[in-house]
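Engineer: So that we are looking at the same thing, I have put the structure below in structure tokens.
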Amino acid sequence: MLIRHSRPEDRECILQIYDRARAFMAEAGNATQWGDDYPPEAAILGDIDGETAENGYVCEHDGRVVGVFFFAVGDDPTYATIDGAWLDDSPYGVVHRIAADGTVKGTGAFCLQWALDQHPHIRIDTHADNAPMRHLLDKLGFVECGTIYVDAHEKHSPRVAYEKCPR
């Protein structure tokens with residue numbers, strides 16, 4: 001597998017991956033995290049060739065896009081306030097909107113490990129009901145730090161916040 005920046009020709013594949021991810025979440029008892037329309041197409045397009053294009057990535061396997069995510073290094077307002085405590089206040093990277101098409105085992109772990117290879121201090125969050133992601137984060141050594149709140153679907157929505165950093 002390899003990670004590269006997303007490109008305009010990846011658009012349909014990325015949209016399909018997010019559709020698949022929403023369906024998988026719903027089947028796994030997590031229907032509210034992304035609902036029917038998250039991430040919004042504007043964010044997806046921004047990650048491909050808009051304001052956040054330098055932060056949009058895909059994971060390829062045998063020349064086929066099998067995963068997608070947002071990665072950036074720097075302060076993220078999503079993590080400015082936490083009910084709990086971060087492990088470390090040093091500069092960090094973030095991963096958002098990670099999803100896989102489900103055809104290649106280990107895609108999510110590969111993407112997260114790639115992010116850690118880019119920056120050894122990562123923050124990420126997920127819904128309390130997202131058992132598969134929570135299991136993956138635990139398996140990769142991320143530590144649950146508390147709860148953050150995001151505006152998802154125009155609601156102030158709690159998310160379980162995780163962090164992994166060198167110590």
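The values are calculated or read from the model by the stated rules, or taken from the named source; none is laboratory data. Bear in mind that the values here come from a model prediction, so they are computed numbers and not experimental data. FYI the Cβ positions are ideal-geometry reconstructions off the backbone, even for glycines, and counts take in every protein chain you see. Quick note on the areas: whole protein, heavy atoms, side chains included, nothing else; ligands and nucleic acids left out. Shrake-Rupley method; radii C 1.70, N 1.55, O 1.52, S 1.80 Å.
Engineer: Kirkwood hydrodynamic radius of region 66-123 from all distinct Cα pairs, in Å?
Structural biologist: Final number for the Kirkwood radius of region 66-123 is 12.4 Å.
Engineer: Here's a follow-up. Mind checking region 1-63 for GluC sites (Glu not before Pro) that DSSP puts in a loop (not H, G, I, E or B) and that have at most 12 other Cβ atoms within 10 Å?
Structural biologist: Answer in residue order: Glu51.
Engineer: When only DSSP loop residues count, what trypsin sites (Lys or Arg not before Pro) in region 27-134 have their Cβ near at most 13 other Cβ atoms within 10 Å?
Structural biologist: When the trypsin sites (Lys or Arg not before Pro) of region 27-134 are filtered for loop state and at most 13 Cβ neighbours within 10 Å, Lys105 remain.
Engineer: Order Arg159, Arg11 by their accessible area, 1.4 angstrom probe, all chains in place, largest first.
Structural biologist: The ranking, largest first, comes out as Arg11, Arg159.
Engineer: Follow-up. Could you work out the equivalent-ellipsoid semi-axes for region 80-161, taking the square root of 5 times each eigenvalue of the Cα gyration tensor, largest first, in whole Å?
Structural biologist: 21, 17, 11
Engineer: Which whole-number value in Å² is the accessible area per residue of region 1-55, probe 1.4 Å?
Structural biologist: Result: 56 Å² of accessible area for each residue.
Engineer: Hand me the GluC sites (Glu not before Pro) from region 61-167 located in a DSSP loop with no more than 10 other Cβ atoms within 10 Å, in residue order please.
Structural biologist: Here the GluC sites (Glu not before Pro) that fit, given the DSSP loop and packing criteria, are Glu154.
Engineer: Could you derive backbone 3J(HN,Hα) for region 23-37 from the dihedral phi with the Karplus parameters 6.51, -1.76 and 1.60 (θ = phi - 60°), listing whole Hz in sequence and x where the residue is Gly or Pro?
Structural biologist: 3J(HN,Hα) across region 23-37, in whole Hz: 5, 4, 4, 4, 4, 8, x, 10, 6, 9, 4, 10, x, 9, 9.
Engineer: Taking amide H atoms as placed 1.01 Å from N in the peptide plane, list the residues 5 or more away in sequence, or in a different chain, whose amide H sits under 5 Å from that of Gly93.
Structural biologist: Residues meeting the amide H criterion: Gly74, His121, Ile122, Arg123.
Engineer: In whole Hz, with x marking every Gly and Pro, tabulate ³J(HN,Hα) for region 99-114 from phi via Karplus 6.51 cos²θ - 1.76 cosθ + 1.60, θ = phi - 60°.
Structural biologist: Ordered by residue, 3J(HN,Hα) equals 7, 10, 7, x, 8, 10, 4, x, 4, x, 4, 4, 5, 5, 5, 4 Hz.
Engineer: Tell me the mean residue ellipticity at 222 nm calculated for the chain from its helices only (DSSP H runs of n ≥ 4, each -39500 (n - 2.57), averaged over every residue, nearest 500).
Structural biologist: My calculation for the chain gives -8500 deg cm²/dmol from helical runs alone.
Engineer: Which of the three applies to region 30-166, rounded, prolate or oblate, going by the alpha-carbon gyration tensor with a ≥ b ≥ c and a/c under 1.5 meaning rounded?
Structural biologist: Rounded, since a/c falls under 1.5.
Engineer: Given Cβ point charges of +1 (Lys, Arg) and -1 (Asp, Glu) and nothing else, what value in debye, to the nearest 20, does the dipole of region 88-167 about its Cα centre take?
Structural biologist: For region 88-167, the charge dipole is close to 200 debye.
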